[in-house]
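Accompanying notes for the structure given below.
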Amino acid sequence: MSLLNQLFNRGVLGAKCKTCLNLAISRIKLLQNKRDVQLKLMRKEIAQFLLAGQEAIARIRVEHVIREQNIWAAYEILEMFCEFVLARVPILESQRDCPLELREAVASIIFAAPRCSDLPDMLQIRNLFAAKYGKEFISAASELRPDTSVNRTIIEKLSVSTPPAEVKLKVLKDIAQEYNVEWDSSNTEAEFSKKPEDLLDGPKQISVGTALSRSHSRLETPQYSPPNVAPSVTPTTAKQGIQRLASNFSSSHTNKTEQSLTDRDVRTCNGDVENQMRPQSSDVLERARAAIAAAERATAAARAAAALVNVNFSSWKPNEVKS
């Protein structure tokens, strides 16, 4: 930038900055007067809620009161900074960088401008500082970088976080004392001392508890399964059981062979008739052999069962079953 442009912009910057600062100061004073009236009405309503025993509503409304009080305090500090910068506008014009004695005031105005919607003049002042000192200076003040000098009280008062429980309780006590309300703060103190419940951990804790109770009940009442006790076996019952097993096995084997024969007949229905008649004789022999083998296996099973219950099969002959 040439020297001529610097001289030209210096005069324009000074005039615009003075105009915006004057407008901001007058607007801050007007807003402070309005907030004073609103704060008195809000504090009076909270006192009425406390008198009526509606502490839950009072605990909610007191957050709005604290918010308005913080904004009022921040506006008071901003008014002081605007007056301070207004008195030193010639110094800002004469120096390229921001002077050290004005750094806190300028950085605080830049930080508070987008957070104070009721003060549009502050945004214009912020734009003038951006044109003077560059975007990097504006970004450092807006993002609260370590090398900035933003006033800590303004940072706290313009914060959007929920006020702590101690501050809300103190304001409620002050309101009750101001309007001579006899209020017992024990319930509110107990409510503020409660920790917020974690909704994500709730179902997990319930599921774990139910699982532990179920496992504990299973341990206390185990399911009893009676041991396998071999029934008493006599030679007559063993013989009858062997015969039933042999007949069932032969009948089931016969059904299976018949089903296999029918399936085979369906698959070979287009073949010769002689190829269909040949397997019949061999199937009959296979069924007979299978029945004999089943009877022998049933006899072996009966002997094993009799050996388990110490039954004497000396008088019983396996040949009777085959006959």
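Taken together, the values in this text are just the output of simple stated rules run on the coordinates, not laboratory data. None of the values given here were measured: they were computed from a predicted structure. Cβ placement follows ideal geometry from the backbone for every residue including glycine, while neighbour counts extend to all protein chains displayed.
Per-residue Karplus couplings for segment 42-55, computed as 6.51 cos²θ - 1.76 cosθ + 1.60 with θ equal to phi - 60°, are listed in order as 5, 5, 5, 5, 5, 4, 5, 5, 5, 5, 7, x, 8, 6 Hz, Gly and Pro entered as x. Each Lys and Arg contributes +1 and each Asp and Glu -1, all at the Cβ; summed about the Cα centre of segment 3-193, the dipole is approximately 820 debye.
A Förster radius of 56 Å combined with the Cβ-Cβ distance from Glu63 to Ala87 puts the calculated FRET efficiency at roughly 0.90.
Working note: Karplus 6.51/-1.76/1.60 with θ = phi - 60° gives segment 29-40 the couplings 5, 5, 5, 5, 5, 5, 5, 4, 5, 5, 5, 5 Hz, where Gly and Pro are set to x. Taken one residue at a time, the phi angles of segment 132-139 give Karplus couplings (6.51, -1.76, 1.60, θ = phi - 60°) of 7, 10, x, 5, 5, 5, 5, 5 Hz. Gly and Pro are set to x.
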